[in-house]
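Chemist: After the structure tokens below, expect a handful of questions from me.
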Amino acid sequence: MLALRVIPCLDVDEGRVVKGVRFENLRVAGDPVELARRYYEQGADEIAFLDVGASWKSRRILLDVLRAVAREVFVPLTAGGGLRTVGDVRDLLRAGADRASIGTAAVERPALIGEASRAFGAQAVVLSVDARRNGASWTVMSHGGRTPVARDAVAWAVEGERLGAGEILLNAIDRDGTGLGYDLELLRRVVRAVRVPVIASGGAGTPGDMARAALVGGADAVLVASLLHFGRETVGGIKSELRRKGVCVR
């Protein structure tokens, strides 16, 4: 069994880390550079830097903030938000990111996934799938979860892998910020449908939720935000609890 990766997520807007519920009612959670340094020192396996306002505000990712974060951490850094071209991905990687997370632009122009994969390798391309439950299935959402897209989330993950994505970041919007646990049904469906690693995102309320994401949902990694930002857990504490629950962690 591969070690589960614990990935603190910095949702950044206008230069500050923010966090809300189901992508709404955002409140400031801190400085991204300070938080990135803290989580790195606590033992984070990776850091995610997602400029959540870039897509729906039609602006580029905040590269200056990303550069400052990259100088503070020495673990893989995944970054995304507002990426529209291969040139945008190149700028992001030059700013210090190891992987580029592509969401809205991939929905609007799926060929971008393949273009980026050919230019930088599949390992550098993460397809971010924002999914909202719609009865017995899940609909893809774009522009920061604001716009529904006529795509099934599981089918889109499969298509993204075929086009060249090396990893899937699966965001369950209905669970985001609720602390109710990850959407294990959605997670299982995507994990079974693709061969690339899947990162579970949205809903972590306890380390037990993360253990279930790994042991029941089959996640290769878990994204965590609120638990860390508001001081309820540390990365080290989460990993200790995961070990007690039988999850292999680094």
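Matching residues to (1) at pLDDT below 95; (2) over 17 Å from the mean Cα position of the chain (by Cα); (3) within 17 Å of GLU159 (Cα to Cα):
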residue	(1), (2), (3)
LEU187	no, no, yes
VAL191	no, no, yes
SER201	no, no, no
PRO207	no, yes, no
ARG212	no, yes, no
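Chemist: Another one. Test each condition in (1) over 13 Å from VAL86 (Cα atoms); (2) in a strand (DSSP E or B); (3) in contact with a strand residue (DSSP E or B) (Cβ under 6 Å, 6 or more places away or on another chain) for ALA150 and report the one that comes out false.
Modeler: (3)
Chemist: Identify, please: which residue in segment 166-180 is more than 16 Å from TRP156 (Cβ to Cβ) and buried (at least 20 other Cβ atoms within 10 Å of the Cβ) and is, among those, nearest to the chain's Cα centre (by Cα)?
Modeler: ASP176
Chemist: Counting just the residues of segment 115-147 that are touching a residue at least 40 places away in the same chain (Cβ under 8 Å) and assigned to a helix (DSSP H, G or I), which one comes out farthest from the chain's Cα centre (by Cα)?
Modeler: ARG118
Chemist: Also, I was wondering about something else. Could you tell me whether LEU2 is surrounded by fewer than 21 Cβ atoms within 10 Å (Cβ to Cβ), in a loop (DSSP other than H, G, I, E, B), modelled with pLDDT of 80 or more and of a type in the set (A, V, I, L, M, F, W, C)?
Modeler: Judged against the criteria, LEU2 is a match.
Chemist: Kindly establish whether VAL196 is within 17 Å of the chain's Cα centre (by Cα) and surrounded by 22 or more Cβ atoms within 10 Å (Cβ to Cβ).
Modeler: No; evaluated as a whole, the condition is false for this residue.
The values are calculated or read from the model by the stated rules, or taken from the named source; none is laboratory data. All values reported here derive from a predicted model rather than from experimental measurement. Backbone-built Cβ (ideal geometry, glycine too); neighbour counts: all protein chains shown.
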